[in-house]
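Notes follow the structure.
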Amino acid sequence: MKVNLYQMFVNDKRLPYLETVRETDCEDYKTYSSPAKIAELLKAVFGVDRLAEEYVWLLCFDVKFQCVGMFEVSHGGAAQSVVDVAQILKRALLCGADQMILGHNHPSGIVEPSKEDYFITERLHEAGQLLGLPLCDHIIVGGANRNGYFSFRESGVLKE
């Protein structure tokens, strides 16, 4: 299955639209039934376990939990990245998502969430609920070539 990695632009009337940056083959990940599979997808597509700075990605899914689009939504320094909830929701709505997962890396390799990680997860979850666009999980993948991840769903922070 081919999945588009999108970039959001605005036209001359300031209306947002999407352009495909590249397609990625996700045959091994037809459905994303577990946080471990999402962490592996992030490693395979973006090389998150090898990046020196923090990045944040949005993965968008249809009702059958097949990936319909991916976005890089933020790129920060070694310790943080700024995330804008409204910009995330715009991207999800433009690609026709029914549900979403946020993913980011911790270059240090330590996957324990920061206070800011908890805060953005709560805000995005609440905003998504209002729009009928649930945040199914937020997954942190450890960098420095370590094999760890943290799932807000598995930890019980995110509940349905």
| From the residues in region 45-54 that are surrounded by fewer than 22 Cβ atoms within 10 Å (Cβ to Cβ) and under 14 Å from the mean Cα position of the chain (by Cα), which one is nearest to Pro107 (Cα to Cα)? | Gly47
| field | Criterion (out of contact with any His (no Cβ under 9 Å at 6 or more places or on another chain), hydroxyl-bearing (Ser, Thr, Tyr) and open to solvent by 30 Å² or more (accessible area, probe 1.4 Å)) met by exactly one of Ser108, Ser114 | value | Ser108
| query | Only one of (1) open to solvent by less than 20 Å² (accessible area, probe 1.4 Å); (2) in contact (Cβ under 8 Å) with a residue 60 or more places away in the chain; (3) out of contact with any helix residue (DSSP H, G or I) (no Cβ under 8 Å at 6 or more places or on another chain) fails for Cys95. Which number is that? | reply | (1)
| field | Residues (among the aliphatic types (A, V, I, L, M) and either open to solvent by 20 Å² or more (accessible area, probe 1.4 Å) or more than 14 Å from Leu133 (Cβ to Cβ) (or both)) located in region 56-88 | value | Val56, Val63, Val68, Met70, Val73, Ala78, Ala79, Val82, Val83, Ala86
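Hey, among the residues in region 122-155 that are outside any loop (DSSP other than H, G, I, E, B) and touching a residue at least 60 places away in the same chain (Cβ under 8 Å), which one's farthest from Pro107 (Cα to Cα)?
We begin by selecting, within region 122-155, every residue outside any loop (DSSP other than H, G, I, E, B); these are 122-131, 135-142, 149-151.
Retained after the next criterion (residues that are touching a residue at least 60 places away in the same chain (Cβ under 8 Å)): 136-137, 139, 141-142, 149, 151.
Values: Cys136: 23, Asp137: 20, Ile139: 14, Val141: 9, Gly142: 6, Tyr149: 12, Ser151: 16 Å.
My answer is Cys136.
Per-residue answers, yes or no, for (1) touching a Ser or Thr at 6+ places or on another chain (Cβ under 9 Å); (2) of a type in the set (Phe, Trp, Tyr); (3) within 22 Å of Gly96 (Cβ to Cβ):
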site	(1), (2), (3)
Ser108	no, no, no
Glu112	no, no, no
Asp117	no, no, no
His125	no, no, yes
Gln129	no, no, yes
Asp137	yes, no, yes
Gly143	yes, no, no
Gly156	no, no, no
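The values are calculated or read from the model by the stated rules, or taken from the named source; none is laboratory data. In this text the structure is predicted, and so the values were computed from the model without any measurement. No Cβ is skipped: glycine too gets one built from the backbone with ideal geometry, and neighbour counts run over all protein chains shown. Side chains included, ligands, DNA and RNA excluded: accessible areas come from the protein's heavy atoms. Shrake-Rupley method; radii C 1.70, N 1.55, O 1.52, S 1.80 Å.
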